[in-house]
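Asker: I am attaching a structure below and will ask some questions about it afterwards.
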Amino acid sequence: MFLNADLGRRRVITEINYQPMPNMDALIQLLQTLHYGNSLVVKVRDFKEPRDEAVIVVHFPQVAKPDVLFTRSLKTGFWSIEPLKLPRAYLPLSDAEAELGVNKDDSENNTAYTAVDGLATRIQQCAVWIEAYPICPANGYNSADARGTGLVIDPQRGLILCSSRLAKNPTSNISITFGDTRVSATLAYIHPLYPFAFVKYDPAMVDYAIPALELSSTGTRLDVGDSVSIVTDTEAGLICSTAAVSERCLLSTYACKWCLEQRFFNIEQFSLSPSPAPAGSNIGLVSSNGTIQGLWMCLPTCLHCNTVYKNVGIDVSLIWPSLKQLQTSENIPTALRVLDVEFNHQSLVKARALGVSDSYIQRLKKLPLAAQSILNVNRILRVRSPETPSLEVGDIVLQVNNCHVKSIDEVASFDCKEVELLIVRKGQEMTVTIPTAPLCDPNIRKLVCWAGVYLQEPFHTVLHQSVRLASNVYMFMYDAGTPAMAESYHDNMFIVEMGEHAISTLDDVVQVARLLKDPKQAEFNAEVAANKEFKSGTIPGRDVKIRAVLINATGFVVDAENGIILSNRHVMSAGPSFHKATFFNNQEVFLQPFYYDPEHDFAFFRYNPAELKGVTPRAIRLAPEKARSGLEIRVVGFAAKEKMTVHQGELSQLDRNAPACYDDDDTYSDFNTFYYQASGISGSGSSGSPVVDIAGDAVALKCSANASASLNFFLPLQRVKYALEYVRQGKIPPRGTLQAVFSHQPH
């Protein structure tokens, strides 16, 4: 509650609702009198600068983590934990709120909301300010509080349309502001494919009429050259402008290896000229002929790569299916199914060269320009087993279930388990039946916090970045000071076993956690509160063995006969762990961590070649002597844990110092070796990727990258090749060091 109010750090609370807060007892006593729906007037001051004071209004949340009271025994030093039950019911406004005008009913202002002609006035009456504050981490976000604009689409049912960037964390407490009235709301639905979400409020909480916006029918859209009037509503006020549709193209957002933002694809967007919305505007409406035909949306952005806010236009027709289901049912709309591929537009000239028949192209030319669409597969999103029919990169889709493909919307999602496609593959027309896959649902329904670890089902970003899922329990974050942090757990792992119990779902976690709970915990808390002294061994608690799978790297075979794989040292855990390798035909084999270099960032795994069926890997030869400045290279690996990708570049420097990969001194970074530097590589690849020349020989090992500067850093292979000869014989390479770190200083 206080964190979301931006009170700031190192602040002392001096008053709440004009009552002095001299100590923690006064705060606890006041908290036990609060009810949901009230707002608190909090006065704070900087503990170093007493004259630096501020008064902040804090909204009491509807849902929060369990309220607990920690009390430390001065005699024993132990902490006791007991629940602090706070009321969660609606109450009339407090005197402090009434004095500040919070949620105040101002009849004079309410009379201003009447039917007035003009698009801007109608939209202003429907615009609301949305604030979302997270209860706990979810979907990979910790404190992803968000603020922005929403539009009341259905005032009778209390449905508000907003950008999905306001719903990063689905567990958030949401409040909406209508003029001078503030009410609570809930997250009704996040669309898994398109960048919008719906928020729902109780219409009875708003005591004035809100006009309904007139949306265009499902079959209409804006075309290039159409003139439009656009209204964007920001926190600073209403902005009105005119523009024209300048372009229609497929939207594809940048996929960052470290970013948790949802990636958008297979969406047709339109651009406006001049672009009307300032950076950060959340949602706007584009009108033509008095009806709303488009939405001007602000997409979620990649903060790691420092990308700017991106505004795009999407057709209103995309929201109709979800809106109709929300209007007719209390349930979340039906889950969507997709082909697990990303499409790209292809010109008719290129389509003819790729094998599309002249007769088909002539039929296309007779259709309206907007329907002259040729779509080809640009990228495979998730690898399927070889036995499952699937599309391939380069396939051109002509028909879906015997209907001509006129737009990307017809292949973006489906409500059936398989579709019949007429495609062109390698210059030949053929009919194939392709199973559809369920699209990841961002509307999470369950989240588990156990021993400081946050667990949930794999969310959209994990599914986009993972080749295979070890289980449906994903650990994405842990709290500071918890057992998880003390034991140096790695986040971004799949939990497969807890305390000798197999784990595949969150229900398994809950069941096992209850079995592992020490029955003496409640008794221990009471004894601590009573200042009882404890002897060693009488404190409740137990050790729990957890087995997890971390999918995070690439490796490559350097000896197929003996089953030896080369990867990075930072991929292999120094502690007890098990590893699996997935080959290109989706076969998995268990790996034995064999050698972990004590100084440089490389390691060797071993596998049993007899376990591989139907695939014979070819070893990549190590050729460190071929490395030279200006050498054209390819970095081959599973970039961002997706399907194998190949990035092109050249070696630009052979004598740079080893990169400092981490900010703290407790985490490994390489030393006492030169590193190679490469530029001009569009993607960062992944750890353990081979760096090969035109002959396919490895000249270096991918170790780290600077994504913002498009620089990649590679480990030379001289020492790797030396160690490999010993590993082939089943021996540990003899190694030594002067126990000093050297730095290269050029003249």
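The values are calculated or read from the model by the stated rules, or taken from the named source; none is laboratory data. Keep in mind that this is a model prediction, so the values were computed, not measured. Using ideal geometry, Cβ is built from the backbone for each residue, glycine included, and neighbour counts are taken over all protein chains shown. In case anyone asks, the SASA skips ligands and DNA or RNA and just uses the protein heavy atoms, side chains included. Shrake-Rupley method; radii C 1.70, N 1.55, O 1.52, S 1.80 Å.
Asker: Scan segment 398-422 residue by residue and report those that are in a strand (DSSP E or B), farther than 22 Å from Pro192 by Cβ and of a type outside the set (A, V, I, L, M).
Answerer: If the condition is that a residue be in a strand (DSSP E or B), farther than 22 Å from Pro192 by Cβ and of a type outside the set (A, V, I, L, M), then Gln399, Cys403, His404, Glu420 are the ones that fit.
Asker: Follow-up question, since we're still on this one. Quick one: count up the residues across segment 385-409 that are open to solvent by 50 Å² or more (accessible area, probe 1.4 Å), modelled with pLDDT under 85 and either over 16 Å from Leu422 (Cα atoms) or β-branched (Val, Ile, Thr) (or both).
Answerer: 2
Asker: Has segment 249-262 got at least one residue that is buried (at least 18 other Cβ atoms within 10 Å of the Cβ), among the small types (Gly, Ala, Ser), at pLDDT below 80 and under 14 Å from Thr149 (Cβ atoms)?
Answerer: no
Asker: Quick check on this structure: which one of Ala132, Ala127 is closer than 22 Å to Lys310 by Cβ and open to solvent by 10 Å² or more (accessible area, probe 1.4 Å)?
Answerer: None of the other options fit; the residue is Ala127.
Asker: Kindly provide the set of residues from segment 584-603 that are open to solvent by 30 Å² or more (accessible area, probe 1.4 Å) and of a type in the set (Asp, Glu), ordered by number.
Answerer: Glu588
Asker: Collect the residues in segment 135-150 that are open to solvent by less than 30 Å² (accessible area, probe 1.4 Å) and not in a strand (DSSP E or B), keeping them in residue-number order.
Answerer: Cys136, Pro137, Asn139, Gly140, Ala144
Asker: Same structure, new question: When the residues of segment 204-221 are filtered to those that are under 19 Å from Thr181 (Cβ atoms) and buried (at least 16 other Cβ atoms within 10 Å of the Cβ), which remaining residue is modelled with the lowest pLDDT?
Answerer: Checked segment 204-221; the qualifying residue modelled with the lowest pLDDT is Tyr208.
Asker: Follow-up question, since we're still on this one. What pairs come up if the first residue lies in segment 422-445 and is within 14 Å of Tyr189 (Cα to Cα), the second is open to solvent by 50 Å² or more (accessible area, probe 1.4 Å), and their beta carbons are under 6 Å apart, counting only those six or more places apart or on different chains?
Answerer: Asp441/Ala335; Asn443/Ile332
Asker: Keeping to segment 410-421, report how many residues are under 16 Å from Asp315 (Cα atoms) and open to solvent by 40 Å² or more (accessible area, probe 1.4 Å).
Answerer: 1
Asker: Right, Val424: buried (at least 16 other Cβ atoms within 10 Å of the Cβ), in contact with a Gly (Cβ under 8 Å, 6 or more places away or on another chain) and at pLDDT 80 or above or not?
Answerer: Taking the combined requirement at face value, the residue satisfies it.
Asker: (1) at pLDDT below 65; (2) in contact with a Phe, Trp or Tyr (Cβ under 6 Å, 6 or more places away or on another chain): which one isn't true of Glu97, the others all being true?
Answerer: (2)
Asker: Looking at the structure I just gave you, is Leu336 in contact (Cβ under 8 Å) with a residue 60 or more places away in the chain, open to solvent by less than 60 Å² (accessible area, probe 1.4 Å) and touching a strand residue (DSSP E or B) at 6+ places or on another chain (Cβ under 8 Å)?
Answerer: Judged against the criteria, Leu336 is a match.
Asker: Let me ask something additional. In segment 429-440, which residues are more than 28 Å from Leu369 (Cβ to Cβ), surrounded by fewer than 16 Cβ atoms within 10 Å (Cβ to Cβ) and not aliphatic (A, V, I, L, M)?
Answerer: Thr433, Pro435, Pro438
Asker: Would you check if Arg606 is under 19 Å from Gln718 (Cα atoms), surrounded by fewer than 21 Cβ atoms within 10 Å (Cβ to Cβ) and modelled with pLDDT of 80 or more?
Answerer: no
Asker: I would also like to ask the following. Which condition number does Gln362 fail, the rest of (1) closer than 30 Å to Pro170 by Cβ; (2) in a helix (DSSP H, G or I); (3) among the polar types (S, T, N, Q) being met?
Answerer: Every condition holds for Gln362 apart from (1).
Asker: So which residues in segment 339-362 are of a type outside the set (A, V, I, L, M, F, W, C) and in contact (Cβ under 8 Å) with a residue 60 or more places away in the chain?
Answerer: Listed by number, the residues that qualify are Asp340, Glu342, Asn344, His345, Gly355, Ser357.
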